[in-house]
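The values are calculated or read from the model by the stated rules, or taken from the named source; none is laboratory data. Only a predicted model underlies this, so the values are computations on that prediction, with no experimental measurement involved. Neighbour counts run over all protein chains shown; Cβ positions are idealised from the backbone, glycine included.
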Amino acid sequence: MKRYMKFFTGIVFWGILLVCSACTDEYEANNGGMKECCEGVPFTVRAIVADFEELSNAGKSSTRTSVRDEHFKMEFVDGDSIGVFAIKDGAIMDNIDNAKLVYNMSSGSWNPVGNGTLYWYDGVSYVAYYPYRKNITIDLSKGMDGAIASLTGNEKLQPAKDQSTTEKHIVSDLLVATGVPAIDNSSGIILNLLFQHQFALLVLQPQVYVGCFAPEKAGFVYHRESRVLGTDSAAINVSLNGITPYQIDSLKYCAIVPPQANARVTGNYMTTDGRDDTNIKINYSGSSISFTSGKCYTLKVISPVPGKGSIERKLYPGDFVFQNEIDKRIEVHPGNGKLEEDGKIYDYENAIGMVITCDPERMTDERCNKKGWNHAYVMMLDSLKEGNWGPMDLIEADIDTISIADVKSKHDFSRIKNNMNGYSETLQMLANHEGDASFVSDCRAFYLVKTYNNSNKVPDGIERSPWFLPSIGQWFDVLVNICGKSPENFRHNTGNGLQDEKWGQETLDKLEGQLSKVGKSLPQFNVNYRLGFSCSSQYDKDRSWMLLWHIDDPLYKWERVCLQGYNKTSAWHVRPFFAF
């Protein structure tokens, strides 16, 4: 047998089958033999191996799914052998007692050694196991459960201490199947055998933080001490629960072990300290659990020392941005990178923003692109108080209007999703109200951005835009890329916008969780249980777009999040973006 392929189906062996049920009453079974019975017909057996069920090392399975890694799938190969027992009324039938069957891959058949004959009788059950071993017996005194227990407890079928090779590992995986032939199949009598794993599968995944470097012309370099979690390819001399495990192609180590209560995934391995190229021994131990047959337990071990080498890494949403005024460049720390003991990234105090969008296909603000700011849109880590959008009963010139009625009529939300023009809309709004005496009060959201930029100039040599009010599409990407929910999938849309009444807390928690890595948080909810953010995009003559969370309101049984149109005179938090 080989592991690391998809599970096998439709595997067949052929014997000689005597169909007693098709005979008259005079042809009855007699002490395991047959009287003047019907002629033999092909006996078809189909065998399927169940996948291991994947669990964490904590022993909990939230989805109860089979292992996803194709390396843990199985199929029989030419020459594999299984042992078969035929049982009736608590006794072995026709000396089918650990009968050896060998798989012929070319014919897809399982053949008894020495061309022996298998007979079917009414009431006969079958037990099969893999891998075949000589002189294996089963205990029938306690029924089928006792027969299986005698296989799993047999010393000859226990997992090997050395599973370092493919063969040694695979033959450690005891499979047992039971079945009764089905006689109501139009294609013939079929014995379906579902092989189950009798032992547990342990998987060790050594991991290590390694350095990273940006691709060419990425517009940034990585901040010092930036490290990302990867597979520890330097791991050697691995011991897994006292077993020398098998290393699979995906650089994981696996071992078959018997079921056990109050157990742990434990062991050690050697790896390389990337700081000085010395070898270091890593001891590891998971939480206390019970190993159950047919279950897969994976333990990911993160090395306490940095790994050797570095990898190329592109920009991702959630990455944190710094501006190095000495070297005049944008620097980035991976948003999923190594955290310090306080749960924050290295040098978090000097981070200025978090990447929201970095997909080249969505970097579409023409004014940004003309200046080469086409790598990312970045959200500020703080807010600039609250501000209203502008006067009502006025369509601002050269700023598109996008209402929910417009997009609903066309069943197309792309105008909302794809409006990434926060920088252009901010510049246009400032131009529309240049010199207005009432600008500071009528358009306070834009005024706050303008005054902040005036007092916080972009440092010389740093290739990025000034701060701007984000567009509806840029807030859309916050929900998709950071909060994990797309407004396209919101389930409770209204005449004002896109809304979901169940995902509010979940999306808020994900945004807060990422911001916590740099010691930041969102503003407090107002007295009306709302937390809203201003947007540069225009809804209609009276409304602008905004992002809103509305949670814990005693008047409503919801925790809603929405992108919606709201009165232009209403004040919401200003959270600027910039582009680089």
Please find, among G372, G390, the residue that is part of a loop (DSSP other than H, G, I, E, B), out of contact with any strand residue (DSSP E or B) (no Cβ under 6 Å at 6 or more places or on another chain) and within 22 Å of Y452 (Cα to Cα). G390
Top-ranked residue in the range 190-220 [being β-branched (V, I, T) and within 30 Å of N279 (Cα to Cα); ranked as surrounded by the most Cβ atoms within 10 Å (Cβ to Cβ)]: V208
From the residues in the range 287-328 that are surrounded by 17 or more Cβ atoms within 10 Å (Cβ to Cβ) and of a type in the set (D, E, K, R), which one is nearest to K457 (Cα to Cα)? D319
The residue from E349, E361 that alone is without any contact (Cβ under 8 Å) to a residue 12 or more places away in the chain and more than 13 Å from S465 (Cα to Cα) is E361
How many residues of the range 69-95 are part of a strand (DSSP E or B), at pLDDT 90 or above and of a type outside the set (D, E, K, R)? The answer is 9
Could you tell me whether G309 is of a type outside the set (S, T, Y) and over 22 Å from the mean Cα position of the chain (by Cα)? yes
Just for the range 386-419: of the residues that are among the acidic types (D, E) and modelled with pLDDT of 95 or more, which one is surrounded by the fewest Cβ atoms within 10 Å (Cβ to Cβ)? D393
For residues that are farther than 17 Å from A182 by Cα and either polar (S, T, N, Q) or at pLDDT below 90 (or both), tally how many sit in the range 102-130. 16
Complete set of residues in the range 418-444 that are among the hydrophobic types (A, V, I, L, M, F, W, C) and in contact with a His (Cβ under 9 Å, 6 or more places away or on another chain): F439, C443
With over 22 Å from H573 (Cβ atoms), among the aliphatic types (A, V, I, L, M) and modelled with pLDDT of 95 or more as the only criterion, which of I311, I352, I345 stands out? I345
Scan the range 221-234 for residues that are over 13 Å from G274 (Cβ atoms) and assigned to a loop (DSSP other than H, G, I, E, B) and jot them down. H223, R224, S226
Are any residues in the range 310-340 of a type in the set (G, A, S) and either touching a Cys at 6+ places or on another chain (Cβ under 7 Å) or in the same structural domain as K485 (by the TED database) (or both), and if so, which ones? S310
Counted residues in the range 121-180 being part of a helix (DSSP H, G or I) and within 19 Å of S293 (Cβ to Cβ) come to 15
Filter the range 129-179 for residues that are surrounded by fewer than 16 Cβ atoms within 10 Å (Cβ to Cβ) and of a type in the set (D, E); the one that is farthest from the chain's Cα centre (by Cα) is D139
From G461, G484, G422, residue being within 33 Å of the chain's Cα centre (by Cα), surrounded by fewer than 22 Cβ atoms within 10 Å (Cβ to Cβ) and modelled with pLDDT of 95 or more: G484
